[in-house]
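The values are calculated or read from the model by the stated rules, or taken from the named source; none is laboratory data. Since the structure is predicted, the reported quantities are computational estimates derived from the model, not experimental observations. Because the Cβ atoms are built from the backbone with ideal geometry, glycine has one as well, and the counts that use them run over all protein chains shown. Areas reflect the complete protein model, heavy atoms only, side chains present, ligands, DNA and RNA absent. Shrake-Rupley method; radii C 1.70, N 1.55, O 1.52, S 1.80 Å.
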Amino acid sequence: MKKIVILHTDVAPDAGVDEQDTMLQAQTIAKAITSLGYEPVLLPFVMDLNATISKLRALHPTVVFNLVESVGGKGSMIYFATALLDFLKLPYTGCRTDAMYLTSNKPLAKKLLHTAGLPTPPWITTDGIATGAAPSGTYLMKPSWEDASVGLDDDAIVFMTDQHNIATVLRNRQAEIGCDCFAEAYIEGREFNIALLAGDQGVQILPASEILFQDYPQGKLKILDYRAKWVEDSFEYDHTRRTLDIAPEDTALADRLSDIALRCWNLFGLRGYARVDFRIDHMGNPFVLEINANPCLSPDAGFAAAVEKASIKYPEAIADIIRDALKP
């Protein structure tokens, strides 16, 4: 039986719930791979690269299913896994090394979006350089590399008085959470995402999803922060939900978001599967928040929900991702 190695983040026993989710993804994908007639082998990507290389060579996988989201606890090293697989000349799922680097480095991704004429919220870096005209004085301080809303909480909200002020606050935030940060203008409005899946006939745009912030009190920002994603029984978790039932009056908006998502796919050279996150302001203008290469594949995550809405069975989507990995 042909082997598929599920290469995943080396998750410590005391890791946060966001990292533990990687193992849920791996186990779910292993079941799907088994149903497809392959033998799944779970393998953590460890800092000892020689050990990882030796194990991969010994396993002789048909393909590697890449679920590595960080290395040594750092999202800034996410592309180490794909670079190593390139070195070994092993086919692997999802985005290639260049796309992993460009999309995971959020300020760089925003710069490329801005240069390509794709709308993204204004942002400010630690050196005080601002890009775009700020629609408001409220900014969110975000980690430049980390995913899964890590570092996004109430303390990440800052009101800009001037660019130098926010640069100082950013540097303090970096020292506090231990990773590079940038500040992004908060867009008051709605939040959507579009998932994409590579298929035999090209990339397929899956149904649009909206994030609903229900009964948020006045003055509380409607953001999909860490608590909304991961902390069960919190206000944010209990009052944030996903819907793929897009109202008829939003059809044109969903089509526009799909078009922008496809442009992002082509701009960054994405492969396999991806998700593009958006905010929509009160005038109906869309802004790309983030390009998610290799988004979460957990059964309760947005990508799986979009696959189901598109009447695609989960194992079929995994098969599409594997077939795309084996293309030249």
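Looking only at residues in the stretch 24-51 that are in a helix (DSSP H, G or I) and in contact with a helix residue (DSSP H, G or I) (Cβ under 7 Å, 6 or more places away or on another chain), the one that is modelled with the lowest pLDDT is Leu49.
One residue stands out among those in the stretch 227-260 that are touching a residue at least 60 places away in the same chain (Cβ under 8 Å) and touching an Asp or Glu at 6+ places or on another chain (Cβ under 6 Å): the one that is least open to solvent (accessible area, probe 1.4 Å), which is Ala228. Pairs linking a residue in the stretch 86-106 that is touching a residue at least 60 places away in the same chain (Cβ under 8 Å) to a residue that is part of a helix (DSSP H, G or I) and of a type in the set (Phe, Trp, Tyr), with Cβ atoms under 6 Å and 6 or more positions apart or on different chains, are Ala99/Phe268; Met100/Tyr79; Leu102/Phe268; Thr103/Phe268.
Taking every residue in the stretch 113-126 that is closer than 14 Å to Tyr139 by Cα and pairing it with any residue that is assigned to a loop (DSSP other than H, G, I, E, B), at least 6 positions away or on another chain, the pairs with Cβ-Cβ distances below 6 Å are Pro121/Ile187; Pro122/Gly132; Pro122/Ala134. You will find that of Leu102, Leu90, the residue that is crowded, with 19+ Cβ neighbours inside 10 Å and either closer than 30 Å to Asn165 by Cβ or within 18 Å of the chain's Cα centre (by Cα) (or both) is Leu102 and no other. Each residue in the stretch 28-75 was checked for being of a type outside the set (Gly, Ala, Ser), more than 24 Å from Ala319 (Cα to Cα), over 22 Å from the mean Cα position of the chain (by Cα) and open to solvent by less than 60 Å² (accessible area, probe 1.4 Å), and 2 pass. Can you name the condition, by its number, that Thr120 falls short on among (1) open to solvent by 40 Å² or more (accessible area, probe 1.4 Å); (2) of a type in the set (Val, Ile, Thr); (3) touching a helix residue (DSSP H, G or I) at 6+ places or on another chain (Cβ under 9 Å)? The failed condition is (1). The set of residues in the stretch 200-226 being buried (at least 16 other Cβ atoms within 10 Å of the Cβ) and more than 19 Å from Asp281 (Cα to Cα) consists of Val203, Gln204, Ile205, Leu206, Pro207, Tyr226.
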